[in-house]
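Comments concern the structure below.
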Amino acid sequence: MGRGSSPLHRDTDGCTLLIAEWHNMFFYRVYGLTIRSDFELPELIEGGDGLDLWIRRGTLTPPALHNSRIQRQGIEALFGGTPEAAYLHWEGVATFCAEAGHILTVDLASDEVDPEKLRLYILSEALGLILHQKGLLLLHASAIRMGDRAVIFAGVPGAGKSTTAAALAQRGHTVLADDMVAIGFEQGQAVVYPAFSQVKIWPTSVQGLGYEEATLTPLFTGSKKRILRQTAPFPTQALPLADIFFLEEGEVSALTPLGHTEVILRFRRFFSCPSDLVQGAAIARHFQQCVQVSRSVPTWTLHRPKSFPALRHVVTGLEEKLCPCGGDRLASTA
Amino acid sequence: MGNRAEASQRAFLEFAFPPLIFVLSLLANTMIMANSGFDSHFGSPQTVVAVSEGQLFSELDGEVVILDPVAGAYYSLDQVGATVWNAMQSPISVGALKAVILDTYEVEPETCDRDLQELLQDLHGKGLITSA
């Protein structure tokens, strides 16, 4: 069912309303899903039938909420509800309700909420609730296409996920996700679903990587973070997962394989939604998925000094490891 | 939720076999300490032990990773621990367990007795096995 294709055109108020609603819908693809949205989300690729998910504006009456330990811009999200109807509340921004992986209701704190800021909140943990409900394995990380496969960089805030992604983007590799990575399994193979083209970097990284700060858009009005967008065509299909790197600071650059237990614990630690979602029955699924990833995907600790020359060294090493043919994807970034 | 918290939730156990490491998750706020002392009934070869119901585990390259879904705690057993764990999938006497280890690994019977008893006490203390 596409835009304006509703066969209903009778003279009843309900149907007139339905058609009016369709006209204000936006259709996108993200994380392998086709979505229709009441909100314009220009970060995303347009198209698709919108049947997988509906992001709608509505009014919510949340149940009891508690602290989630998830923070953005100094605000801690509150979380509550059930696995099938999960609520996330960001004070002063919006309350979200993710239902059964199909509907994400957005209840704005006020009409004054900056749409750019709102989009950050829609396209992060709120969308994560939906992806989790759909059975995907989430990781707070960045994902980059290198050659025909995807690699993942995870780590604590400040470990250099986005900076590494930006450095690889500069070399023409497509950044598939910055912040939240969704892993699925296709024919037993771990795959990464592309999110959208956007890397958020701090001014030090902007300078260290040699970008002109003035040419990059701020994340939202007043934000110090800058957005890097790539112009090359963005993939919509899942890509096989080649390697996972957990970034840590070190005296020298070193790659160390991680044991299975360490991999599973790190996936638990860097789960990118409220930890309540990996309790009860869901913890068993999370465990099995982590085991499957650990069995099939080489996973490493990548120690490296915090300097831009060291980063360039790491980037060269990754290119030699993952796309020895090199050079063919050196598209421009904007 | 930093490295320090993770590190503090690890208990390194003295074991004559390759070190056996229990790794507890971030959620392991219900960590139960194992009973100390050697006077428990795990010293008796007639005691029958078996893994508790409801534990999830997976064997990966010789190591066994166990998840206690209720406590939200993860545990890791090395190869020797994995041998013991696999042998306890159905009820088995401590005497038979000891025989399995002596058959598989080169270890003095006395050392085996002591270490097996410690391991069983620890697993029991964490609710991972039952005994009768």
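Shape of region B:74-113 from its Cα gyration tensor (a ≥ b ≥ c, root eigenvalues): rounded if a/c is under 1.5, otherwise prolate when a/b > b/c, or oblate?
On the way: a/c = 2.12, a/b = 1.27, b/c = 1.67.
Since a/c reaches 1.5 but b/c is at least a/b, the shape of region B:74-113 is classed as oblate.
Taking a probe of 1.4 Å and counting only protein heavy atoms, give the total accessible area buried between chains A and B in Å², rounded to the nearest 100. Don't jump to the answer; show the numbers that get you there.
Working: alone 15520 and 7420 Å², together 21060 Å².
Adding both sides of the contact gives about 1900 Å².
From largest accessible area down, sort A:Phe246, A:Phe196, A:Phe185; use a 1.4 Å probe on the protein chains. The partial results should precede the final answer.
On the way: A:Phe246 0, A:Phe196 25, A:Phe185 60 Å².
Largest accessible area first, the list is A:Phe185, A:Phe196, A:Phe246.
In whole angstrom, note down how far apart the Cα centers of region A:260-326 and region B:84-125 are.
Their Cα centres are 35 Å away from one another.
How many nm separate the modelled label positions at A:Ser296 and B:Ala96, each set 7 Å beyond the Cα in the direction of the Cβ?
Result for the modelled spin labels: 3.7 nm.
Sticking with the crude label model, points 7 Å out along Cα→Cβ, report the distance from A:Ala282 to A:Arg57 in nm, one decimal please.
Each label point lies 7 Å from its Cα, and together they span 2.8 nm.
Show me, for region A:309-323, the HN-Hα J-couplings you get by feeding each phi into the Karplus relation (A = 6.51, B = -1.76, C = 1.60, θ = phi - 60°), rounded to Hz, glycine and proline as x.
Values, residue by residue: x, 5, 5, 4, 4, 4, 4, 4, x, 5, 5, 5, 6, 9, 9 Hz.
Under the rule of at least 5 residues apart or a separate chain, name every residue whose amide H is placed under 5 Å from the amide H of B:Ala73.
Result for B:Ala73 returns B:Asp68.
How far, in degrees from 0 to 90, does helix A:13-23 lean away from the longest principal axis of the Cα atoms of chain A, to the nearest 10?
20 degrees
Output the direction-averaged projected area (hull surface divided by four) of the convex hull of the alpha-carbon atoms of region A:32-79, in nm². All intermediate terms of the calculation are to be shown ahead of the outcome.
Values: hull surface 20.6 nm².
Computing the convex hull of the Cα atoms and averaging its projections yields 5.2 nm².
I'm a student and want to see the number: the projected area of the Cα convex hull of region A:164-263, averaged over all directions, in nm². Could the numbers behind the result be given before it?
Working: hull surface 34.1 nm².
So the Cα hull casts an average projection of 8.5 nm².
Per residue of region A:38-55, what does 6.51 cos²θ - 1.76 cosθ + 1.60 with θ = phi - 60° give for ³J(HN,Hα)? Whole Hz please, x for Gly and Pro, Karplus curve as stated.
Once rounded to whole Hz, the list reads 6, 9, 6, 10, x, 5, 8, 7, 6, x, x, 8, x, 7, 6, 8, 10, 9.
Taking the Cα atoms of chain A, report the difference between the largest and smallest coordinate on each principal axis, in whole Å and largest first.
Its Cα atoms span 70, 46, 40 Å along the three principal axes.
Cross-link list A:Lys117/A:Lys306; A:Lys200/A:Lys321; A:Lys161/A:Lys225; A:Lys200/A:Lys306: which exceed 24 angstrom alpha carbon to alpha carbon? Walk me through the numbers on the way to the answer.
On the way: A:Lys117/A:Lys306 30 Å; A:Lys200/A:Lys321 26 Å; A:Lys161/A:Lys225 14 Å; A:Lys200/A:Lys306 18 Å.
Flagged as over cut-off: A:Lys117/A:Lys306; A:Lys200/A:Lys321.
Sort A:Leu209, B:Leu97 from largest to smallest accessible area, using a 1.4 Å probe on the heavy atoms of the protein chains.
Values: A:Leu209 25, B:Leu97 0 Å².
Descending order: A:Leu209, B:Leu97.
Mind giving me the FRET efficiency for A:Glu116 and B:Thr104? R0 is 56 Å, r the Cβ-Cβ distance, nearest 0.05 is fine.
Values: r = 62 Å, r/R0 = 1.12.
Result of the calculation: an efficiency of 0.35.
When Cβ neighbours within 10 Å are restricted to other protein chains, what is their mean count per residue of peptide A:269-276? Provide the component values of the computation, followed by the final result.
On the way: counts 7, 1, 1, 0, 0, 0, 4, 0.
Partner-chain Cβ atoms within 10 Å, mean over residues of A:269-276: 2.
Would you kindly find the accessible area of A:Tyr211, with a 1.4 Å probe and non-protein molecules such as ligands, DNA and RNA excluded, rounding to the nearest 10 Å²?
Its heavy atoms expose roughly 40 Å² to the probe.
Using a Förster radius of 30 Å, what is the FRET efficiency between A:Asp49 and A:Lys224 based on their Cβ-Cβ separation? Nearest 0.05, please. Don't skip to the end; give the middle numbers.
Values: r = 39 Å, r/R0 = 1.29.
Efficiency, from the Cβ-Cβ distance: 0.20.
If you count only protein heavy atoms and use a 1.4 Å probe, how large is the accessible surface of A:His66, to the nearest 10 Å²?
Estimated to the nearest 10 Å², A:His66 gives 80 Å².
To the nearest whole percent, what portion of all C-alpha pairs in region A:110-221 is separated by more than 17 angstrom? It would help to have the intermediate numbers written out before the result.
Working: 3652 of 6216 pairs.
For region A:110-221, the share of Cα pairs beyond 17 Å comes to 59 percent.
Got a sec to turn the phi values of region A:167-179 into Karplus ³J(HN,Hα) couplings, 6.51 cos²θ - 1.76 cosθ + 1.60 with θ = phi - 60°, whole Hz, x for Gly and Pro?
5, 6, 4, 4, 8, x, 7, 7, 7, 8, 7, 10, 3
The values are calculated or read from the model by the stated rules, or taken from the named source; none is laboratory data. All of these numbers come straight from a predicted model, not from anything done at the bench. Counting neighbours? That spans all protein chains shown, and the Cβs are built from the backbone with ideal geometry, glycine included. Please note that ligands, DNA and RNA were not included when accessible areas were found on the heavy atoms of the full protein model with its side chains. Shrake-Rupley method; radii C 1.70, N 1.55, O 1.52, S 1.80 Å.
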